[in-house]
Amino acid sequence: MKALLVRQRQISSDKQTCGRFIMISEMGDIVMQCASLELPWLDNEKNISCIPSGIYAVEKVDSPKFGQGTFHIKNVPNRSSILIHPGNFTRQIKGCVLLGDKFTDLDKDGITDVVNSKATVDKVKKFADSFTLTIIWI
């Protein structure tokens, strides 16, 4: 299984990075798509920036905070403990990736949020225990 995270400059800002997370089967078929939410790009600074574009191995781990089957993005340069986990707001992440059904401004603070995050992450868990994640900007 492969995944592509396409960060979209036109809907991102200095407050958040918005994108599309796409799961792709070994046959090249798209099996799932959803919204992705990350912190803004701030030169890969720990706890305040999204991670660099690139290709990463991802595997399920048991997280004390997020539970069994949380996805760990491995070998991020100069970073550790980068996860794909449920959450709705950028204030809930320290460099990780949130997934959801769609974008909205849940708390009306002017910062884009995602909705139905837990259900969306649970869908990804059904497709793979591990995968290769490619992150790009468009």
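The values are calculated or read from the model by the stated rules, or taken from the named source; none is laboratory data. Quick caveat: nothing in here was measured; it's all calculated off a predicted structure. Methodologically, a virtual Cβ is constructed for each residue, glycine included, from the backbone with ideal geometry; neighbour enumeration extends over all protein chains shown. To get the accessible areas, we keep the full protein, side chains included, count just its heavy atoms, and leave off ligands, DNA and RNA. Shrake-Rupley method; radii C 1.70, N 1.55, O 1.52, S 1.80 Å.
With an a/c value of 1.5 or above and a/b not larger than b/c for the gyration tensor axes a ≥ b ≥ c computed over the alpha-carbon atoms, segment 1-63 is described as oblate.
Taking only C-alpha pairs under 8 Å that are 6+ residues apart, what is the relative contact order of segment 62-116 in percent?
Values: 81 pairs, mean separation 12.9, N = 55.
In percent, rounded to a whole number, it is 23.
Using a simple spin-label model with pseudo-atoms 7 Å out from Cα toward Cβ, Lys94 and Glu26 lie 3.7 nm apart.
With a 1.4 Å probe and all protein chains left in place, how much accessible area per residue does segment 75-138 have, in Å²?
51
Taking 0.36 nm per residue of separation and subtracting the Cα-Cα distance, full extension of the segment from Ile11 to Ser81 would add 22.6 nm.
Pull out the extension gain between Asp109 and Lys123, defined as 0.36 nm times the separation in residues minus the alpha carbon to alpha carbon distance; nm, one decimal. Before the final figure, lay out each step's value.
Values: separation 14, 0.36 × 14 = 5.04 nm, distance 2.83 nm.
Result for the pair: 2.2 nm of gain on full extension.
Could you work out the helix-only [θ] at 222 nm for the chain, with each DSSP H run of four or more residues adding -39,500 (n - 2.57) and the total divided by the number of residues, to the nearest 500 deg cm²/dmol? Spell out each step's value before the answer.
Working: 1 runs with 11 residues, N = 138.
So the helix-based figure for the chain works out to -2500 deg cm²/dmol.
Rounded, prolate or oblate: which one fits the chain, using the alpha carbon gyration tensor with axes a ≥ b ≥ c (rounded when a/c is under 1.5, else prolate when a/b beats b/c, else oblate)? Rounded is the answer for the chain, as its axis ratio a/c remains below 1.5. Take the Cα of Lys102, go 7 Å toward its beta carbon, and the backbone nitrogen atoms of segment 1-30 under 19 Å from that spot belong to 8, 11-12, 18-22.
Rounded to the nearest 20 debye, what is the charge dipole size of the chain about its Cα centre when +1 sits on each Lys and Arg Cβ and -1 on each Asp and Glu Cβ?
Values: 18 positive and 15 negative charges, 21 e Å.
Rounded to the nearest 20 debye, it is 100 debye.
Whole number in Å², please: accessible area per residue of segment 1-53, 1.4 Å probe, ligands, DNA and RNA not counted.
Values: 2640 Å² over 53 residues.
Per residue, segment 1-53 has 50 Å² of solvent-accessible surface.
For the chain, with all protein chains in place and a probe radius of 1.4 Å, 51% of the accessible heavy-atom surface sits on carbon or sulfur. A protection proxy built from the mean count of other Cβ atoms within 10 Å ranks the segments 15-25, 56-66, most packed first, as 15-25, 56-66.
A dipole drawn for segment 60-112 from +1 and -1 charges on Cβ atoms has a positive end, and of Gly110, Ile73, Gly95 the residue lying farthest that way is Ile73.
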